[in-house]
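Right, one structure below, let's go through it.
The values are calculated or read from the model by the stated rules, or taken from the named source; none is laboratory data. All values derive from a computational prediction rather than experimental measurement. Please note: Cβ atoms are built from the backbone with ideal geometry, for glycine as well, and neighbour counts cover all protein chains shown.
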Amino acid sequence: MRFMPMRFVHLKACCLALVLTPKLSFAQVSSTNTTVTSGNNTNMTITADMNGYITNSTGTADSTLTISSGVTITRTTTVNQTWSGVVMNVDTANTLTINVEENATIQGGNAYAWAILNGSLVNGAIANHTKTHIINKGTIDSNHAQRAISAVNEQMSIVNEATGNINKMIWFNTGANFTVESQVNNGILLDNKGNINATTNVLYIKGKSIINSGNMAAISMTAASIGDKLENSGNITGTITLGSVATRRTEIGTLDNQNTGVINNFVSAAQITTFNNAGEITQNFQNAVGGGQGGVITTLNNSGTIKGSFSNVAQGTITTINNTGSIGDRATNANATFNNTGTITTINNNTNGSIVPITNTGTINALNNNAGATITSITNNRTITTLTNAGTITNGVTNTGANAVITTLENSGTLSITNAKTITTLNNTSTITNLQNNANGNINTLTNNSGATIDSITNATNASIASLNNSGTLTTLSNTGGTITTLDNKMNSMLTTLTNTGTITNATNGGMITTFNNGNTQTGGAGTGGTGGTPAGTITNFTNNSGG
């Protein structure tokens, strides 16, 4: 090993140690009883294999440590030295830059040894407020699954270049009551272009960004803050987990999964201002609960593919979803669904957008299926304030849950409807193939506008329609034991077949009714009106206006 001369050395009884003059930052202890020093500057280059450790202590200027190509430095520790590593930074005044060159290795030699520790001393005491910048083109590894790199109450930035491999866990870690804002490398906590083969953990720390264009195993955050962006254009083979605690959510400015980005699975209890997905989420998307809090997303823009299920849980809140891609892919995941038990203000399914079956047991203020968009089906079990369809809802709308309410349903596309609860206003300007209003179903106002078509309406026993206004084409209206308070077949409209075995209070015809059957079910002995007996259908008032 080649190093420049040292100023003086102090030997401990237990091992060989180095204490440097104030100008220098580096001290190193070697288990092979070889002492090395940085010389009369704050730079150190390791040019030969080493079994020992390097400590960067407080100096007067920033420091640089370089592990040369082809060199391996390693260290073993004991159970009492679990906060000790091969390279340790305890300089509380300056920044240490660690350059690991291509084909160089920093290796924690046993289960107790970290490869790099930012903020730890040899005896395990923690030095707060240190700053470390790691640039890795080689390999950083440990014999312990969780101990590649750690920053404890410190500032740290890692740049893992295209040839770089970090094989065990990374920890950006502070205590629950100690929040650090990292400003090293302009606040970039991690810029990965190579391979990180274990979870990157970010706990109670603030930074500007995390960027991945390489391969990462997983990202886990708890009560952390990424003010600018979490950006992925590479491959995250595991799960992005954004957790919270009772008093604090993880905060993300923009989460940007670019068109080449792949995230295997996403679970969030974080507060995310903007989530842009132009790539792929292979498994599921969950806006979930963590620390007793639900996730909050202000804007979700999806132009990519979420192949699995989409879930917004009971405490979850999403302000706006804009979809031009695919949410749920039943070609690859036959059970993919869109489930909302929380609160969504607005869903815009835009041209070319597709969404698998939507089940709502929470609150959706506005669900807009726009022209050129497709939703497999919508099942509402609680509250949808406004449902607007200008596209295709393949298997229709089902409003049957115990507390199901759709305040306004506007259709200018194609759909069918099954209702067993409440639709306040239903307005059709295009095509409804079938409207089945079952027992306990209540539609306050149903309007079929001029030029619009409803193939079939069935109003079943114990169902009710307060007002049915037809100005278009209504092929079949069957009131089979239900109640229609007002039926108005307006001028120039067409009602092909009207069958009534229930109750219609007021009926007005100004258009055309081709076939009218009232009471064609026999209910008893001889009577008037129905076939063979007393009619089962009742019309209290019938007015046939001019033109009808």
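Of the residues A466, A420, which single one is within 17 Å of G502 (Cβ to Cβ) and surrounded by fewer than 17 Cβ atoms within 10 Å (Cβ to Cβ)? Let's see the steps before the verdict.
Working: A420 fails: surrounded by fewer than 17 Cβ atoms within 10 Å (Cβ to Cβ).
The match here is A466.
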Taking the stated definitions as given, is I318 surrounded by 18 or more Cβ atoms within 10 Å (Cβ to Cβ), more than 19 Å from G234 (Cβ to Cβ) and either within 14 Å of the chain's Cα centre (by Cα) or at pLDDT 95 or above (or both)?
yes
If you take just the strands (runs of 3 or more DSSP E) that sit entirely in region 418-482, which of them hold at least 1 residues that are under 21 Å from N517 (Cβ atoms) and either in contact with a strand residue (DSSP E or B) (Cβ under 8 Å, 6 or more places away or on another chain) or not assigned by TED's automatic domain parsing to the domain that holds N492 (or both)?
431-437, 442-448, 453-460, 464-470, 473-480
Quick one: count up the residues across region 85-122 that are buried (at least 24 other Cβ atoms within 10 Å of the Cβ) and either among the small types (G, A, S) or modelled with pLDDT of 85 or more (or both).
17
Could you give every pair whose Cβ atoms fall below 6 Å, whose first residue belongs to region 147-160 and is modelled with pLDDT under 95, and whose second residue is part of a strand (DSSP E or B) and of a type in the set (G, A, S), counting only separations of at least 6 or pairs across chains?
R147/G108; A148/A115; A148/S142
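Kindly state which strands (runs of 3 or more DSSP E) lie completely within region 503-548 and contain at least 3 residues that are surrounded by fewer than 14 Cβ atoms within 10 Å (Cβ to Cβ) and at pLDDT 50 or above.
Working: elements: 503-509, 512-518, 538-544.
Result: 538-544.
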Hey, T77 surrounded by 21 or more Cβ atoms within 10 Å (Cβ to Cβ) and hydroxyl-bearing (S, T, Y) or not:
yes
Does A288 fit the bill of being under 20 Å from I364 (Cβ atoms), in contact (Cβ under 8 Å) with a residue 12 or more places away in the chain and surrounded by 19 or more Cβ atoms within 10 Å (Cβ to Cβ)?
yes
Just to be sure, is T386 at pLDDT 95 or above, over 26 Å from N333 (Cα atoms), assigned to a strand (DSSP E or B) and among the β-branched types (V, I, T)?
yes
Considering each of A246, A223 in turn, give the residue that is farther than 30 Å from S69 by Cα, buried (at least 22 other Cβ atoms within 10 Å of the Cβ) and small (G, A, S).
A223
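Say we look at region 249-268 and pick out the residues that are assigned to a strand (DSSP E or B) and in contact with a Ser or Thr (Cβ under 6 Å, 6 or more places away or on another chain); which of these is surrounded by the most Cβ atoms within 10 Å (Cβ to Cβ)?
Per the stated criteria, the residue is V267.
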What residue, among those in region 175-190 that are in a strand (DSSP E or B) and modelled with pLDDT under 90, is surrounded by the fewest Cβ atoms within 10 Å (Cβ to Cβ)?
E181
